[in-house]
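In what follows, a single structure is set out as structure tokens and then discussed.
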């Protein structure tokens with residue numbers, strides 16, 4: 001008996017995944033459930049486990065190669081299985097190298113790397129073509145490439161409208177300070193996340209997806225929280241955020257960010273987002289315009305807290321102030337609907353009523 005090692009789909013609409021590395025080698029004994037291969041999608045890195053016990057054979061995908069979902073990339077052959085299949089001989093090359101080779105009319109099989117079964121890269125094609133590049137080429141690969149694809153699709157498909165509000169953050173800062181003095185982990189992001197989740201319950205049109213000319217409003221809030229990585233952006237999800245208080249949200253947001261940076265997010269950490277938050281306040285960015293995370297119809301950007309002059313009961317006074325920018329998909333959300341949500345959110349933060 002044998003089992004097939006298949007590239008899995010970890011999210012809706014996924015077409016391919018990139019092979020990061022093999023944890024077991026061709027011809028090595030493996031045990032059912034043992035991690036065999038690390039693959040990367042546009043959102044998460046996952047391990048593919050052995051579907052059976054036996055000998056790994058027939059490996060057909062090299063590290064760095066993009067493989068369509070559902071493709072069999074190896075087999076597990078039991079000791080009593082006489083139908084073991086030897087791995088087919090093939091030229092291993094990155095997608096960019098294959099494209100450049102086709103444009104230059106270069107036979108990949110004729111390159112020295114092919115005979116050694118080393119993966120051929122774009123630099124090998126440039127060398128074969130006798131090119132002297134006066135610049136350093138940085139291939140758009142991995143998370144960076146997938147982020148670029150998603151952002152391009154977002155701008156192309158959704159007419160995006162941005163609304164901005166300055167917020168008196170006095171009570172926000174006080175709430176964070178009080179929580180920390182009580183020994184609880186808290187941050188402006190977590191406090192705002194709690195306020196957002198509560199407001200979305202009363203404004204379901206923003207807690208929605210736009211899919212195939214249909215608006216899908218959700219009963220509960222799956223809050224996507226953008227996390228910056230060295231080579232891109234990833235958006236893990238706090239599930240049922242509307243059912244959790246600020247301290248719980250703070251803990252879950254921190255845990256998700258830690259797992260994102262360590263590359264240990266699970267597929268469930270990446271699914272179910274209905275509204276996203278992007279925070280650059282910790283980088284002293286005053287305000288910015290985020291890009292929608294399809295199929296969501298809204299995203300909120302949080303800027304840094306600054307001390308600015310404000311009108312307080314007819315008098316000029318210094319107040320901690322931050323900027324919120326709400327971007328919506330105009331196909332699903334009208335400007336008045338977006339403004340009503342943002343107005344309630346700001347009022348709740350400034351009065352302290354939404355800070356739970």
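Evaluated against (1) buried (at least 17 other Cβ atoms within 10 Å of the Cβ); (2) part of a helix (DSSP H, G or I); (3) out of contact with any helix residue (DSSP H, G or I) (no Cβ under 7 Å at 6 or more places or on another chain), residue 349 falls short on exactly one condition, (3). Inspect the stretch 24-37 for any residue being buried (at least 20 other Cβ atoms within 10 Å of the Cβ) and within 23 Å of residue 151 (Cβ to Cβ) and give the result as yes or no. No, every residue in the stretch 24-37 fails to be buried (at least 20 other Cβ atoms within 10 Å of the Cβ) and within 23 Å of residue 151 (Cβ to Cβ). Tally up the residues in the stretch 57-98 that are modelled with pLDDT under 85, crowded, with 19+ Cβ neighbours inside 10 Å and either more than 25 Å from residue 141 (Cβ to Cβ) or over 33 Å from the mean Cα position of the chain (by Cα) (or both), please. Within the stretch 57-98, residues that are modelled with pLDDT under 85, crowded, with 19+ Cβ neighbours inside 10 Å and either more than 25 Å from residue 141 (Cβ to Cβ) or over 33 Å from the mean Cα position of the chain (by Cα) (or both) number 0. Would the stretch 249-261 turn up any residue that is touching a residue at least 60 places away in the same chain (Cβ under 8 Å) and surrounded by 19 or more Cβ atoms within 10 Å (Cβ to Cβ)? So far as the stretch 249-261 goes, yes, one or more of its residues are touching a residue at least 60 places away in the same chain (Cβ under 8 Å) and surrounded by 19 or more Cβ atoms within 10 Å (Cβ to Cβ).
The residue of the stretch 38-56 that is nearest to the chain's Cα centre (by Cα), among those that are buried (at least 21 other Cβ atoms within 10 Å of the Cβ) and over 22 Å from residue 261 (Cβ atoms), is 50.
Among the criteria (1) within 24 Å of residue 250 (Cβ to Cβ); (2) in contact with a strand residue (DSSP E or B) (Cβ under 6 Å, 6 or more places away or on another chain); (3) part of a helix (DSSP H, G or I), the one residue 344 does not fulfil is (2). Meeting the requirement of 2 or more residues that are touching a helix residue (DSSP H, G or I) at 6+ places or on another chain (Cβ under 8 Å) and under 30 Å from residue 8 (Cα atoms), the strands (runs of 3 or more DSSP E) wholly within the stretch 224-337 are 227-229, 232-234, 275-279.
The values are calculated or read from the model by the stated rules, or taken from the named source; none is laboratory data. It should be emphasised that the depicted structure is a prediction, and the values quoted were computed from it without experimental measurement. Every residue, glycine as well, gets a Cβ built from its backbone with ideal geometry; the counts of neighbours run over all protein chains shown.
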